[in-house]
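Trainee: This is the structure, below, for whatever I ask next.
The values are calculated or read from the model by the stated rules, or taken from the named source; none is laboratory data. Bear in mind that the values here come from a model prediction, so they are computed numbers and not experimental data. Glycine also receives a Cβ, built like all others from the backbone with ideal geometry; neighbour counts cover every protein chain displayed. In case anyone asks, the SASA skips ligands and DNA or RNA and just uses the protein heavy atoms, side chains included. Shrake-Rupley method; radii C 1.70, N 1.55, O 1.52, S 1.80 Å.
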Amino acid sequence: MDYSNESLDRMKKIQALKDAWVIVYANHYHGKQDIADIITQEKQVKDIDLLMEWGVIGEFQTAGRMILSRWMGKLLFAKIRDKSSDIQVCFMKDQVVFNPGVSWTPGLNTLTIEGEEKSAFKIAEKFCQIGDYIWVKGDLFYTKHGELTIFVKEFQILSKSLRPLPEKFHGVHDQETIYRQRYLDLIMNDESYKRFQLRSKFVKALRDFYDKSEFIEIETPVLWNAASGAAAAPFITHHNDFDEDFFLRISPETALKKATVGRFERVVEFTRNFRNEGSDPSHMQEFSAIEHYACWWNYEDNMKFTEDMFDYIFNTIPELSREVLVKDKTGAEKKVHFQTPWARIDYIAGVKEKSGIDVSLYGPEDEVKLRNEIKKAGYSWEGIEKQVTATMIDYLYKKVLRPGITGPAFVCNYPKTMQPLARQNDINPDIVEQWQLVINWWEVIKAYSELVDPKLQRENFEAQWDALAKWDEEATSSDDDFVLAMEYGMAPQSGWGMGIERILALLTGQDNLRDMILFPLMKSDSNEEKSSKKTQLAVTLLNKESRLEKWQELNTIAHLSASFAAREGRKLFELEHTSTADGVSLPMNIQHAIMIKQAHTNGELQKLYDIAKKGWLEVVPFTREMLETSDDRLVHQNTGDKNISQIEYLWILIFGDKKHVEKLTKEYSLYS
């Protein structure tokens, strides 16, 4: 890491304090009063002249981070900040003592530092710096400018800062720094700190509301065998112990519904979802959401529930206003009034009223007819010639109906063509029982009357397999375990989902969802090349004790290399193909270097194998059982007859972070 001259100077000060037996980094501090509570104690404020005459008692004590400091002759003024507020503190020469943090040492008037006796006031002046955490004890008074201040009787350094904070009056305004170093944003920008406090209050209010509404909060897995729950591209990870790929949760939908099969009638989860899609200010690949399912409800019941929820939130959190300026995607602001009840807008009727086109009349086979009707009505857009029916209906809705919705409004009764997997209406099978809450262009909440017919659900999953076969990355994969649960009987129910960051961004006037995520995922900011060849290393080690013949050693290396490539796959390629001057394409080999080293004994390899596994490195062994036969079943059988201590490792391959692999294998010589 790079350090500025100021940081280097701070390091010297820290060492000087340590050499003087000062505890620079305390292990605790008890008895702290919140600064906000101290500020309310106006009756305890004392006259400065009386404090000078009778001395400081020390009625108040608190701790916080020093964010300002200025020296005025015999006085040193500083401002400290804790979780609740800021307050000014005043150190006066010959009126303050220093607590070095050692329990058996009382407050000191002087202390020898670097061979020089320094007064407590001088320690405050020279060794307490902006960014440090300090503890102070003293009494309240008003300065001649009317600022409430703690007259410090005693102080202690609780934690020294190596790096200076950004300038107080400029704060942190660089967006990249705000997202990468959110802690600096929280220290310097009070608006950001209060925004994340509000987020916490919002989530707590929701939990309280669900509790009052007799929902039970449950937790479902993050790792799934199937990429189901919503139409989105999944993140994939590998489970080393199971040697199987798993999907990070797209949505907890199927797991929550399975819980309703198991007797729970109202379930909710505050979830983290992962969708491997593009990111922009209104979409994040990892986000927080709430999803619930209520037996015996339909989608209309969830409308009333949503209105009651927001009434409760606004009544519970006074910082939130029912009238909010909300920007649409173009940046145009409208004032949104959240007073309930909210409007109900019929999707099909609304589009017909605005365009004259009844979209419920068009199925997947009618795309040419619909395209002609849209153009005849005077509408068109880029790409319309290649769009299927459902996409054209969606584009028409977004062009003629959604821009005019200020909301909040429930847009409901979608045409079946738009949502082929949703439950159809019993009276009108051309529409599905679904709504979305729209707020000035933004779609914030979705709810459905859920499909509980296992036969139809299986057919829908099969239809999605057809979409997957056509390389639709966002198609939902089949979930046989979910259908199995449905076959035991699933109660009629309604499901509901809301993204926490999106609704909070709208309620607090934020343009980017990252402003509602404390530590948003960012690309690495390093300028160094990040290819696996630069950052990762593969090392194989031969067990010399095994005394293999040369052909056996070469055969083993080949097997290990193949196994390594199969496990790591395409991520080892920087280029998958090259081409000749005359345009002939040639597939690239894996150009990743593999170092070949040797160990003296089987025990050394066993120890290396265990350490590497515990260090989250990839480890591939080649054992005596694997050499003796190419029949996987025999290898499995022969290995199962032995304890791990009886296994003879002929070679192992270790792959992972370069510096860790190098450190682990540096004492071993190259193969010869």
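Trainee: Rank these by accessible area, largest first, 1.4 Å probe: Leu320, Leu50.
Mentor: Solvent-accessible surface, decreasing: Leu50, Leu320.
Trainee: Please sort by residue number the GluC sites (Glu not before Pro) in the stretch 83-166 whose DSSP state is loop and whose Cβ has at most 16 other Cβ atoms within 10 Å.
Mentor: For GluC sites (Glu not before Pro) across the stretch 83-166 that sit outside H, G, I, E and B with at most 16 neighbouring Cβ atoms in 10 Å, the list reads Glu114, Glu147.
Trainee: Using only Cα atoms, locate the centre of the stretch 8-55 and the centre of the stretch 130-155, then give the distance between them in Å, rounded to an integer.
Mentor: 8
Trainee: To continue, here is another question. In whole Hz and in residue order, list the ³J(HN,Hα) couplings for the stretch 509-524 that follow from phi through the Karplus curve 6.51 cos²θ - 1.76 cosθ + 1.60, θ = phi - 60°; x for Gly and Pro.
Mentor: Working through the residues one at a time gives x, 9, 8, 9, 4, 4, 6, 10, 10, 4, 10, x, 5, 10, 5, 4 Hz.
Trainee: Set Lys and Arg Cβ to +1 and Asp and Glu Cβ to -1, take the dipole of the stretch 296-369 about its Cα centre, and tell me which of Val368, Thr340, Val324 lies farthest positive.
Mentor: After comparing all options, I get Val324.
Trainee: Right, something else. Is the C-alpha gyration tensor of the stretch 192-322 telling us rounded, prolate or oblate? Criteria: a/c under 1.5 is rounded; beyond that, a/b larger than b/c is prolate, otherwise oblate.
Mentor: Oblate is the answer for the stretch 192-322, as a/c is 1.5 or above yet b/c matches or exceeds a/b.
Trainee: Related question: Test of the criteria: in the stretch 210-294, which trypsin sites (Lys or Arg not before Pro) are in a DSSP loop and have at most 15 other Cβ atoms within 10 angstrom of their Cβ?
Mentor: Passing both the DSSP loop test and the Cβ count: Arg263.
Trainee: Follow-up. What GluC sites (Glu not before Pro) in the stretch 371-457 are in a loop by DSSP, with at most 14 other Cβ atoms within 10 Å of the Cβ? Each step should come with its number before you reach the end.
Mentor: On the way: sites: Glu373, Glu382, Glu385, Glu433, Glu443, Glu450; in loops: Glu382, Glu450.
Here the GluC sites (Glu not before Pro) that fit, given the DSSP loop and packing criteria, are Glu382.
Trainee: Helix-derived [θ] at 222 nm for the chain: sum -39500 (n - 2.57) over DSSP H runs of at least 4, divide by residue count, nearest 500?
Mentor: Values: 21 runs with 219 residues, N = 672.
Computed mean residue ellipticity for the chain: -9500 deg cm²/dmol.
Trainee: May I pose another question? Can you run phi through the Karplus equation (6.51, -1.76, 1.60; θ = phi - 60°) for the stretch 611-619 and list ³J(HN,Hα) in whole Hz, with x for Gly and Pro?
Mentor: Per-residue couplings from phi come out as 5, 5, 4, 5, x, 6, 9, 6, 10 Hz.
Trainee: Let me ask something additional. With all protein chains present, how much of the accessible area of the stretch 42-171 (probe radius 1.4 Å) comes from carbon and sulfur, to the nearest whole percent?
Mentor: Ligands and nucleic acids excluded, carbon and sulfur reach 51 percent.
Trainee: For the stretch 143-193, rounded, prolate or oblate, judged on the Cα gyration tensor with a ≥ b ≥ c (square roots of eigenvalues), a/c < 1.5 rounded, else prolate if a/b > b/c?
Mentor: Oblate, since a/c reaches 1.5 and b/c is not below a/b.
Trainee: Right, here's the next one. Find which of Trp224, Phe202, Asn240 sits farthest along the positive direction of the dipole of the stretch 186-332, computed with +1 on the beta-carbon of Lys and Arg, -1 on that of Asp and Glu, about the Cα centre.
Mentor: Highest projection toward the positive end goes to Phe202.
Trainee: Residue by residue, what Karplus-based ³J(HN,Hα) values in Hz, rounded to whole numbers, does the stretch 263-273 have, using 6.51, -1.76 and 1.60 with θ = phi - 60° and x for Gly and Pro?
Mentor: Each residue of the stretch 263-273 in turn: 5, 5, 9, 9, 10, 9, 9, 8, 10, 10, 10 Hz.
Trainee: Here's a follow-up. For the chain, give the magnitude of the charge dipole about the Cα centre (Cβ charges: +1 Lys/Arg, -1 Asp/Glu; no others), in debye to the nearest 20.
Mentor: That gives the chain a dipole magnitude of about 1980 debye.
Trainee: Roughly speaking, to the nearest percent, how much of the stretch 175-260's 1.4 Å accessible area is carbon and sulfur?
Mentor: 51
Trainee: Going through the cross-link list Lys204/Lys523; Lys607/Lys658; Lys13/Lys153; Lys32/Lys212; Lys523/Lys607, which pairs have a Cα-Cα distance over 25 Å in this structure?
Mentor: Correct reply: Lys204/Lys523; Lys32/Lys212; Lys523/Lys607.
Trainee: For Tyr362, what accessible area in Å² do you get when you roll a 1.4 Å probe over the heavy atoms of the protein chains, rounding to the nearest 10?
Mentor: So the heavy atoms of Tyr362 present about 20 Å² to solvent.
Trainee: Can you give the accessible area per residue of the chain, in Å², using a 1.4 Å probe? Can you show the working numbers first?
Mentor: Working: 36410 Å² over 672 residues.
Dividing the accessible area of the chain by its residue count gives 54 Å².
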